[in-house]
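Visitor: First, the structure itself, so that you have it in front of you.
The values are calculated or read from the model by the stated rules, or taken from the named source; none is laboratory data. Since this is a predicted model, take the numbers as computed values, not measurements. Every residue, glycine as well, gets a Cβ built from its backbone with ideal geometry; the counts of neighbours run over all protein chains shown.
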Amino acid sequence: MSLIQIFPAIDMRGGKCVRLLKGDYEKETVYADSPFEMAKRFAKAGASYVHMVDLDGAKDGERRHAKEVIRVAKELPLKVQIGGGIRSEEDVRFYLENGVDRVIIGSLAIREPQLVKNFIKEFGAEKIVIGLDAKDGMVATHGWIETSDQSAIEVGKDFAKAGAKYFIFTDIATDGTLSGPNIEANIQLAKATGANIIVSGGISALEDISKVKDAAKNSSVSGVIIGKALYAERFTLQEALKEAE
């Protein structure tokens, strides 16, 4: 039994599987031509869940890679959580009705919190993940292009009160840098909200997964998203899954 859930990441842009450095669209590395083939590789390696992000969608404010996402959800033995470009109830319903397990809401949670609280009521707390991306503790939105005047802790507490069960916390300063995750900030959010916190950004070595596992022992930190470290072959997905046990 894994102590924490491992989420290999597939970031999609222009139909390809890419990684950005600190969310910068100018600093992109293309890792594969097909998100589906990448997901298939993750499934073969033993993943049970995959974290997909529609980068074009996040920037444009509408679904751009829905076809790829739904294909993975329907054709592979993987649960899918998707973020990027989800701006309406129709977007949420569309993904959930087409086999996606969980939908990640980021910018919209800051811009229209009441609407997102309604999603939690309507679709259930198991289906809605609140994505908190922070720059120096303050929440950033719209593909990280804008920073709001609210702290991740404030927003987290507010949504936890409304019933949110899952948060993905990304420290933008560490994302795509392979510099190690900001464990302390994740533990603080876990303690402030009591919700399941999924760590995102900066994972570079198996030892980082071990740190997340340690954090999970005395807080509600429950999972970790791994992107660049897998693509840069710092370790394999099999090794990551073993480390999570």
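Visitor: Give me the residue from the range 26-46 that is touching a helix residue (DSSP H, G or I) at 6+ places or on another chain (Cβ under 7 Å) and modelled with pLDDT under 95 and, out of that set, surrounded by the fewest Cβ atoms within 10 Å (Cβ to Cβ).
Guide: This residue is ALA32.
Visitor: Take the residues of the range 131-156 that are surrounded by fewer than 18 Cβ atoms within 10 Å (Cβ to Cβ) and not in a strand (DSSP E or B): which is modelled with the highest pLDDT?
Guide: Filtering the range 131-156 for residues that are surrounded by fewer than 18 Cβ atoms within 10 Å (Cβ to Cβ) and not in a strand (DSSP E or B), the one modelled with the highest pLDDT comes out as GLU154.
Visitor: Determine which single condition LEU189 fails, assuming it passes every other condition in (1) under 29 Å from ALA39 (Cα atoms); (2) aliphatic (A, V, I, L, M); (3) at pLDDT 95 or above; (4) in contact with a strand residue (DSSP E or B) (Cβ under 6 Å, 6 or more places away or on another chain).
Guide: That leaves (1) as the condition not met.
Visitor: Sticking with this one: Report every pair of residues separated by at least 6 positions or lying on different chains whose Cβ atoms are under 7 Å apart, first residue within the range 157-180 and modelled with pLDDT under 95 and surrounded by 20 or more Cβ atoms within 10 Å (Cβ to Cβ), second assigned to a helix (DSSP H, G or I) and hydrophobic (A, V, I, L, M, F, W, C).
Guide: Within 7 Å, the pairs are ASP171/ALA185.
Visitor: Restricting the range 198-220 to residues that are of a type in the set (D, E, K, R) and under 15 Å from LEU178 (Cβ atoms), which is farthest from the chain's Cα centre (by Cα)?
Guide: The selected residue is GLU207.
Visitor: Follow-up. Has the range 56-66 got any residue that is farther than 19 Å from TYR25 by Cβ and either touching a strand residue (DSSP E or B) at 6+ places or on another chain (Cβ under 6 Å) or crowded, with 24+ Cβ neighbours inside 10 Å (or both)?
Guide: Checked the range 56-66: no residue is farther than 19 Å from TYR25 by Cβ and either touching a strand residue (DSSP E or B) at 6+ places or on another chain (Cβ under 6 Å) or crowded, with 24+ Cβ neighbours inside 10 Å (or both).
Visitor: Can you pull out the residues in the range 228-245 that are in contact with a Lys or Arg (Cβ under 9 Å, 6 or more places away or on another chain), among the small types (Gly, Ala, Ser) and more than 27 Å from ALA160 (Cα to Cα)?
Guide: Of everything in the range 228-245, just one residue is in contact with a Lys or Arg (Cβ under 9 Å, 6 or more places away or on another chain), among the small types (Gly, Ala, Ser) and more than 27 Å from ALA160 (Cα to Cα), namely ALA232.
Visitor: OK, next. Which of (1) crowded, with 17+ Cβ neighbours inside 10 Å; (2) in a helix (DSSP H, G or I) does GLU184 not meet, given it meets every other one?
Guide: Tallying (1) crowded, with 17+ Cβ neighbours inside 10 Å; (2) in a helix (DSSP H, G or I), GLU184 fails exactly one: (1).
Visitor: Report yes if some residue within the range 120-129 is of a type in the set (Val, Ile, Thr), modelled with pLDDT of 95 or more and either in a strand (DSSP E or B) or surrounded by 22 or more Cβ atoms within 10 Å (Cβ to Cβ) (or both); otherwise report no.
Guide: Within the range 120-129, one or more residues are of a type in the set (Val, Ile, Thr), modelled with pLDDT of 95 or more and either in a strand (DSSP E or B) or surrounded by 22 or more Cβ atoms within 10 Å (Cβ to Cβ) (or both).
Visitor: Taking interchain pairs and intrachain pairs at least six residues apart, which have beta carbon atoms under 8 angstrom, with the first residue in the range 88-115 and under 15 Å from GLY61 (Cα atoms) and the second at pLDDT below 95 and assigned to a helix (DSSP H, G or I)?
Guide: From residues that are under 15 Å from GLY61 (Cα atoms), the pairs are GLY106/ALA58; SER107/ALA58.
Visitor: A follow-up question, please. VAL212 versus (1) within 20 Å of ILE130 (Cβ to Cβ); (2) at pLDDT 95 or above; (3) touching a Ser or Thr at 6+ places or on another chain (Cβ under 8 Å); (4) not hydroxyl-bearing (Ser, Thr, Tyr): which is the lone unmet condition?
Guide: It is condition (3) that VAL212 fails.
Visitor: Further, regarding this structure: Scan the range 95-114 and tell me whether some residue there is over 22 Å from LYS22 (Cβ atoms), out of contact with any Phe, Trp or Tyr (no Cβ under 8 Å at 6 or more places or on another chain), among the hydroxyl-bearing types (Ser, Thr, Tyr) and in a loop (DSSP other than H, G, I, E, B).
Guide: no
Visitor: Mind counting the residues in the range 221-245 that are touching a residue at least 24 places away in the same chain (Cβ under 8 Å), closer than 28 Å to MET12 by Cβ and over 16 Å from the mean Cα position of the chain (by Cα)?
Guide: 12
Visitor: Among the residues of the range 24-44, count how many are free of Cβ contacts under 8 Å to residues at least 12 places away in the same chain and among the aromatic types (Phe, Trp, Tyr).
Guide: Number of matching residues: 0.
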